[in-house]
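K.L.:
Following this message is one structure expressed as C-alpha cells.
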C-alpha cells in the first residue's frame with residue numbers, strides 16, 4: 001500500500017530521476033521546455049531539491065510504494081504584493097506511468113491542498129501545456145479554471 005508524505009533530504013536521490021522524467025516529457029511537447037538533461041544528475045540538482053525540502057514556503061509531497069518513490073508534487077507559497085491574497089503554486093506533479101491509474105496524483109494534490117490551506121493561501125495556481133488534454137481535464141475536475149495566458153519569445 002502506498003503512502004503520501006512530505007519529502008525530506010533522505011529521499012532526494014530517488015526524487016531526482018522522477019523530476020527528470022517530468023521535464024523530459026514536457027520537453028517532448030514544446031521546445032519552450034527544453035532542458036539541460038545532464039543537470040538532472042548533478043550535485044547542483046541535488047542541492048536544489050534539498051533547498052526545496054528545507055524552505056518553509058516550499059513543500060514536496062511524495063508517493064511511496066514499497067519503499068520506492070513513484071510520484072511527487074511540488075508546491076510553493078508565492079510572494080505577491082502585500083495587498084493581494086496569498087497564493088500557492090503547484091510547480092510540478094509527476095507520477096510514474098504504471099502508477100497513474102491508482103489515484104496517486106489525486107492523493108498528492110489533496111495533501112498539498114491541505115498544506116497550502118494551513119499556510120494561509122487563498123488561491124492555488126499551476127501552469128500546464130495548453131494542448132495536454134489529460135492534464136487540462138484532471139485540473140478542471142479538481143476545480144481549477146483557466147484564468148491567464150502565457151506568451152513566450154525566444155530571444156537568443
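All of the numbers you see were taken from the coordinates with simple rules; none came from a lab. Only a predicted model underlies this, so the values are computations on that prediction, with no experimental measurement involved. Here the Cβ is made from the backbone with ideal geometry for all residues, glycine too, and neighbour counts use every protein chain on show.
K.L.:
When Rg and Dmax of the Cα atoms in Å is calculated directly from the model, which label among (i) 15.7, 48; (ii) 21.5, 71; (iii) 53.3, 172 fits?
P.N.:
(i)
K.L.:
Using only DSSP helix segments of four residues or longer, with each worth -39500 (n - 2.57), what per-residue ellipticity at 222 nm results for the chain after dividing by its residue count and rounding to 500?
P.N.:
The helix-only estimate for the chain comes to -11000 deg cm²/dmol at 222 nm.
K.L.:
Assuming 0.36 nm per residue, please report the length gained on full extension of the stretch residue 5 to residue 110 beyond their Cα-Cα distance.
P.N.:
Value of the extension gain: 36.6 nm.
K.L.:
At R0 = 41 Å, how high is the FRET efficiency between residue 100 and residue 153 if r is their beta carbon distance? Nearest 0.05 is fine.
P.N.:
Efficiency computed from Cβ-Cβ geometry: 0.75.
K.L.:
How much FRET efficiency would the formula 1/(1 + (r/R0)^6) give for residue 123 and residue 43, where r is the Cβ-Cβ distance and R0 is 35 Å, rounded to 0.05?
P.N.:
0.50
K.L.:
While we're looking at this one, here's another question. What residue among 141, 117, 29 shows peak mean-square fluctuation when the chain is described by a Gaussian network model with Cα springs under 10 Å?
P.N.:
141
K.L.:
Whole Å is fine, so just give me how far the alpha carbon centre of the stretch 129-149 lies from that of the stretch 49-90.
P.N.:
Using only Cα atoms to place each centre, the spacing works out to 19 Å.
K.L.:
Using the count of nearby Cβ atoms within 10 Å as a rough guide to exposure, how do 12, 106 rank from fewest to most?
P.N.:
106, 12
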